[in-house]
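Down below is the structure, laid out as structure tokens.
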Amino acid sequence: MNLNIKDTFNKILPADPDKNNTRRQVHESAFSFVTPRNPSDPQLVHASEEVAELVGLSKADITTKSFLEAFSGRKVLEGTAPYAMCYGGHQFGNWAGQLGDGRAINLTEIIHEDKRWSLQLKGAGATPYSRNADGLAVLRSSVREHLCSEAMYHLGVPTSRSLSLMLTGDQVLRDMLYDGNSAYEKGAVVCRVAPSFIRFGSFQIFASRQEVETMQKLVDYTIETHFPDIKEKGVEGYLQFFSEVAQRTLDMVIHWQRVGFVHGVMNTDNMSIHGITIDYGPYGWLEGYDHGWTPNTTDRGAKRYRYGQQPQVALWNLFQLANALYPLINEVKPLESILERYKVNYQKQSLQMMKDKLGLVLSDEGDGNLIGRLQEVLHQTETDMTIFFRNLANVPRDMKIEENAEFLNPVKDAFYQPEELKGVVLEAWKKWFGLYLKRLQKEEQPDEERRVKMNKSNPKYVLRNYMAQLAIDAADKGDFSIVEELYSLLKMPYAEQKEAEKWFVKRPEWARHKVGCSMLSCSS
Ligand code: AMP
Ligand code: MG
């Protein structure tokens, strides 16, 4: 196994001088050196050949002992110095102070084909930032992170990747529902891969402690290493940097809305400076189209991180980042106008994204209304988001709307309660389809052309919550075949995969209220 190791973060930025692995507040340092924990009996569950290739490893490398040792935490790679990053964050709207990599350990950075990648273990033991927790991860959450990172990538959503998923051979105690019922679960480690794991909170921690000089070092490093197109120095460069982060964050969230992904914990410590999805925890996928849905049981009261709120929360988080960067900029106006531009671009991009989902190419002043009306009617009876949009592409534009519900046949598989398709609900659908068909007739594109285009925006396969749970239940018994099957399936989420029709169905009723399928906690 031969990696092109090129560490910078732990060489250029200020290190915590204390090398002991004791829990503490760490000042004026970007990270602390720490050695991963040696697992008692590591076993490879699954590795992504594609991510291996990305970092310069071959298919053969994956099966070697050195791969197992490096990515389970057993052995430190030669020429590297693993570390945990210091960061803070706003959790559920409140400043939480120092958080940091409590159970993530950065192994190294590598360069392959001119691209820099950071390799990070999640679940490899305690660090100075572990506070009162153990630094470990369980199989359940690790399967979810491994499969979802790769599924998101193939959906075209900016995301961290996942190289490998391993069992540690150790047992981990978890109170999954925070209800006093702790139980042992299998421990696991995932190796995640991203340009870096720098977060909004990485800057916030220094701003909160008035360690402006250290923050400036981190900003300068981030721009030089990861935003090389920004040539300006000083205030102008910092503003460009913030503007770029804002735009990338918006692009990411628009993709989330498009595919129905709900992150679940959009705290500022979980927001990547690269605008990629990171920290897969109690995330979920919309099944019934519902702006008010959140997968995270911890957020069930306020629903701060519900689907419909994600673009606004991202903006709120950017506001916090602007506050942190302010001491380097000392001007409010230009920061405000970047945040204003987010709002304007959000309106534009959101409209475009919905038009793509509906197969509309031309501009029409009624499009905003058409989309708004659709969102209303989708909420009237539980309608599966993925199936509805995917099958909408099969509606012929010369379809006739009769008195009965037959016109809904192309999308009928999307309805969880078909018996509700009568009275006012049926009327609302009739009206909406009337508008939609009229609108389609203004387009020049033939049905087939529109179908092909729509199918590029509307995935056929996503990692439904119950699908991940089936993979977890089997993996827990030592059967990794569903992990493998879903990994392969989700590599081509937009393709018709005839042999995989069983995964293109509504959430089964048994999963409606099942833990892990509709209810997820932060316990992982
Ligand atoms: P999260 O909500 O998963 O992003 O985690 C918030 C903070 O808690 C981060 O600083 C994590 O590193 C830390 N954390 C979460 N789980 C653990 C754990 N099992 N052990 C130590 N730290 C943890
Ligand atoms: Mg996190």
Could you tell me how many cubic angstrom of Cα convex hull volume the chain has per residue? 155 Å³
Nothing charged except the Cβ atoms of Lys and Arg (+1) and of Asp and Glu (-1): what's the magnitude of the dipole of the chain about its Cα centre? Round to the nearest 20 debye. 420 debye
The chain: relative contact order in percent, alpha carbon pairs under 8 Å with at least 6 residues between: 14 percent
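Using a probe radius of 1.4 Å on heavy atoms only, what accessible surface per residue do you get for region 9-200? Whole Å² is fine.
38 Å²
Where both residues lie in the chain, what percent of DSSP beta bridges are antiparallel, nearest 5? Walk me through the numbers before you get to the answer.
Numbers: 44 of 48 bridges.
Antiparallel: roughly 90 percent of the beta bridges in the chain.
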If you wrap a convex hull around the Cα atoms of region 9-200, how much volume per residue is inside, in Å³? 136 Å³
Give me log10 I(q)/I(0) at q = 0.17, 0.32, 0.33 Å⁻¹ for region 131-178, Debye formula, one equal scatterer per alpha-carbon, no solvent. -0.63, -1.19, -1.23
Amide H neighbours of GLY97 under 5 Å, counting only residues 5+ apart in sequence or on other chains, H built in-plane at 1.01 Å? GLY89
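For region 357-457, what's the relative contact order in percent, using C-alpha pairs closer than 8 Å and at least 6 residues apart?
On the way: 80 pairs, mean separation 43.7, N = 101.
Reported as a whole number, the value is 43 percent.
Could you pull out the pairs from LYS303/LYS460; LYS59/LYS506; LYS59/LYS115; LYS456/LYS502; LYS422/LYS456 whose alpha carbons sit more than 25 Å apart here? Present the calculation step by step, with values, prior to reporting the outcome.
Details: LYS303/LYS460 28 Å; LYS59/LYS506 35 Å; LYS59/LYS115 20 Å; LYS456/LYS502 21 Å; LYS422/LYS456 32 Å.
Result: LYS303/LYS460; LYS59/LYS506; LYS422/LYS456 exceed 25 Å.
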Accessible area of region 9-200 with a 1.4 Å probe: how many percent of it is carbon plus sulfur? 48 percent
Would you mind giving the three semi-axes, in whole Å and largest first, of the ellipsoid equivalent to region 105-156 according to its Cα gyration tensor? 24, 18, 7
Could you order peptides 262-272, 469-479 by the average number of other Cβ atoms within 10 Å of their residues, highest first? 262-272, 469-479
Can you tell which of GLN441, PRO418, PHE407 lies farthest toward the positive end of the dipole of region 357-457, using +1 and -1 charges on the Cβ of basic and acidic side chains (Lys, Arg; Asp, Glu)? GLN441
Name the residue from PRO158, LEU57, MET519 whose Cα lies farthest towards the positive end of the charge dipole of the chain, charges +1 on Cβ of Lys and Arg and -1 on Cβ of Asp and Glu. MET519
Quick one: putting +1 on the C-beta of Lys and Arg, -1 on the C-beta of Asp and Glu, what dipole do you get for region 242-357 around its Cα centre, in Debye to the nearest 20? 320 debye
Tell me the trypsin sites (Lys or Arg not before Pro) within region 47-104 that lie in a loop according to DSSP and have at most 15 other beta-carbon atoms within 10 Å. LYS75
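If the only charges are +1 at each Lys and Arg Cβ and -1 at each Asp and Glu Cβ, what is the size of the charge dipole of region 9-200 around the Cα centre, to the nearest 20 debye?
On the way: 21 positive and 21 negative charges, 59 e Å.
Charge dipole of region 9-200: 280 debye, to the nearest 20.
May I ask you to give the solvent-accessible area per residue for region 454-501, in square angstrom, as obtained with a 1.4 angstrom probe? Intermediate results must be reported in sequence, preceding the final value.
On the way: 1890 Å² over 48 residues.
Spelled out: the 1.4 Å probe surface of region 454-501, per residue, equals 39 Å².
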Estimated inter-spin distance, CYS522 and ALA60, nm [label 7 Å along Cα→Cβ]: 4.6 nm
Tell me what the chain gives for mean residue ellipticity at 222 nm when only DSSP H runs of n ≥ 4 count, each as -39,500 (n - 2.57), the sum divided by the residue total, rounded to 500 deg cm²/dmol. -12500 deg cm²/dmol
Per q in 0.14, 0.15, 0.17, 0.20 Å⁻¹, report the Debye log10 I(q)/I(0) for region 357-457, using one uniform scatterer on each alpha carbon and no solvent. -0.50, -0.58, -0.75, -1.07
Using a 1.4 Å probe over the heavy atoms of the protein chains, calculate the carbon and sulfur portion of the accessible area of region 331-473 as a whole percent. 51 percent
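The values are calculated or read from the model by the stated rules, or taken from the named source; none is laboratory data. The model shown is predicted, which means the values in this text are computed figures rather than measured ones. Here Cβ is always computed from backbone atoms with ideal geometry, including for glycine, and neighbour counts include all displayed protein chains. For accessibility, only protein heavy atoms count, side chains too; no ligands or nucleic acids. Shrake-Rupley method; radii C 1.70, N 1.55, O 1.52, S 1.80 Å.
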